[in-house]
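Okay, structure first, notes after.
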């Protein structure tokens, strides 16, 4: 599996060389008044086990509060583009794969010149949530990003020092977008899929060991022109009033390059059992038939590059 940053978001020149080749997002260009360097020039990275695991898009430190006289520590929240490094993706997927991967590390806040100004260190971090993005065929500029939550046992806020060093797995790669995808494994017509809501995985108990994962339903929205094919599948499954094991599907969603030719990543969704069927409103004199939406319960989720 390989992962990286998009060409237009790479850091070139002396700063990259002085950082050992670390490739980081280029800050947005100012339009009109100059942007505040404290916000416009920020670089975020996640360190796991002493090494840079990947570049983050967003990060939120956990809240701390007293409840009943006891100190309660909240969760970290972050998001990252696919791809960041394999270490970051693998840790995010540990919850879906039933792995209780406990990590220590830090969220690092650096200036664009790679001077580290803040470290939010944590011990005993366990992934508690992973959210895959919504795919929409009509949204052409949204990048494929994964949401991540983890629960630490301890957190320490430290002033930064030195330079943000490079890490393995931050090699260059084309960016993945949410509008180029292909559905495989559906027995009906799947050429006109309007949108796919990929599942969210949430940790439900399990302590420090093997997590108990709760997977939200998968939702697939088809264009109205697929009505006959989709409804044929629905009737076959629902007419007997029950869902049998043989009627569960193993689906794949392939994320494609901008030309729709090369498969950049594959989301595997195992044991998908039909949960519901619904249609949009039928309108007189409309140019197109209403969309059709299928929801599936999902047994397993995985992501491969």
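The values are calculated or read from the model by the stated rules, or taken from the named source; none is laboratory data. As the structure is a prediction and not an experimental result, all values here were calculated from the model. Cβ atoms come from the backbone with ideal geometry, glycine included; neighbour counts cover every protein chain shown.
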Only unsatisfied item for residue 204, checking (1) out of contact with any helix residue (DSSP H, G or I) (no Cβ under 7 Å at 6 or more places or on another chain); (2) over 21 Å from residue 82 (Cβ atoms); (3) surrounded by 16 or more Cβ atoms within 10 Å (Cβ to Cβ); (4) at pLDDT below 95, is (3)
Out of 97, 118, 134, sole residue that is surrounded by fewer than 22 Cβ atoms within 10 Å (Cβ to Cβ) and closer than 14 Å to residue 59 by Cα: 118
Boolean, residue 260 is modelled with pLDDT under 95, over 22 Å from residue 133 (Cβ atoms) and not assigned by TED's automatic domain parsing to the domain that holds residue 103: no
Being surrounded by 17 or more Cβ atoms within 10 Å (Cβ to Cβ) and in the same structural domain as residue 227 (by TED's automatic domain parsing), is that true of even one residue in the stretch 283-292? yes
Of the residues 190, 219, 226, which is in contact with a helix residue (DSSP H, G or I) (Cβ under 9 Å, 6 or more places away or on another chain), crowded, with 17+ Cβ neighbours inside 10 Å, within 26 Å of residue 288 (Cβ to Cβ) and modelled with pLDDT of 85 or more? 190
Requiring at least 3 residues that are over 22 Å from residue 180 (Cα atoms), the strands (runs of 3 or more DSSP E) wholly within the stretch 259-305 are 263-279
Sort out which residues of the stretch 259-276 are surrounded by fewer than 18 Cβ atoms within 10 Å (Cβ to Cβ), touching a strand residue (DSSP E or B) at 6+ places or on another chain (Cβ under 7 Å) and more than 14 Å from residue 220 (Cβ to Cβ), and write them in order of number. 262, 263, 266, 268, 270, 271
